[in-house]
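Before any comments, here is the structure.
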Amino acid sequence: MNKVVLLGRLTKDPEIRYTQTSNTMVANFSLAVNRRFTKQGEERQADFINIVAWSKTAEFCSKYFKKGQQVGIIGRIQTRTWEDDQGQKHYVTEVV
């Protein structure tokens with residue numbers, strides 16, 4: 001089973017774009033999720049998780065999600081790789 005449940009704050013407003021082939025809406029944003037435990041004398045740390053929402057979910061995110069807002073996300077982890085123009089390989093993990 002591949003299921004992720006996150007609660008965190010948006011680091012910026014969702015970035016909206018459309019696919020070239022089917023003109024489907026895609027929303028990308030990052031979620032700052034606080035770590036559960038902190039070391040003595042240190043500030044609380046957070047992990048920054050990339051989120052991708054499609055179609056109607058992307059539309060909802062674009063209308064109602066704003067920077068700093070706390071939101072709950074349910075999705076699945078997905079990894080992908082691509083090669084840029086310089087031949088450099090990139091690897092990313094996202095919650096979809």
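The table below gives the values:
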quantity	calculated
Count of residues meeting criterion [in contact (Cβ under 8 Å) with a residue 12 or more places away in the chain and either within 19 Å of ARG80 (Cα to Cα) or open to solvent by 80 Å² or more (accessible area, probe 1.4 Å) (or both)] in region 14-23	1
Residues within region 21-62 that are modelled with pLDDT of 90 or more and under 16 Å from THR11 (Cα atoms), tallied	18
Counted residues, region 25-82 - those being open to solvent by 70 Å² or more (accessible area, probe 1.4 Å), β-branched (Val, Ile, Thr) and touching a residue at least 12 places away in the same chain (Cβ under 8 Å)	4
Matching residues in region 3-12 - criterion: being open to solvent by 80 Å² or more (accessible area, probe 1.4 Å) and of a type outside the set (A, V, I, L, M, F, W, C)	LYS3, ARG9, LYS12
Residue check for ARG80: more than 24 Å from ASN2 (Cβ to Cβ) and either at pLDDT 95 or above or assigned to a strand (DSSP E or B) (or both)	no
In region 83-96, residue surrounded by the most Cβ atoms within 10 Å (Cβ to Cβ) [restricted to those that are assigned to a strand (DSSP E or B) and of a type outside the set (S, T, N, Q)]	VAL95
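The values are calculated or read from the model by the stated rules, or taken from the named source; none is laboratory data. This one's a predicted model, so the numbers in the text were calculated from it and none came from an experiment. Using ideal geometry, Cβ is built from the backbone for each residue, glycine included, and neighbour counts are taken over all protein chains shown. All accessible areas refer to the heavy atoms of the entire protein, side chains included, with ligands and DNA or RNA removed. Shrake-Rupley method; radii C 1.70, N 1.55, O 1.52, S 1.80 Å.
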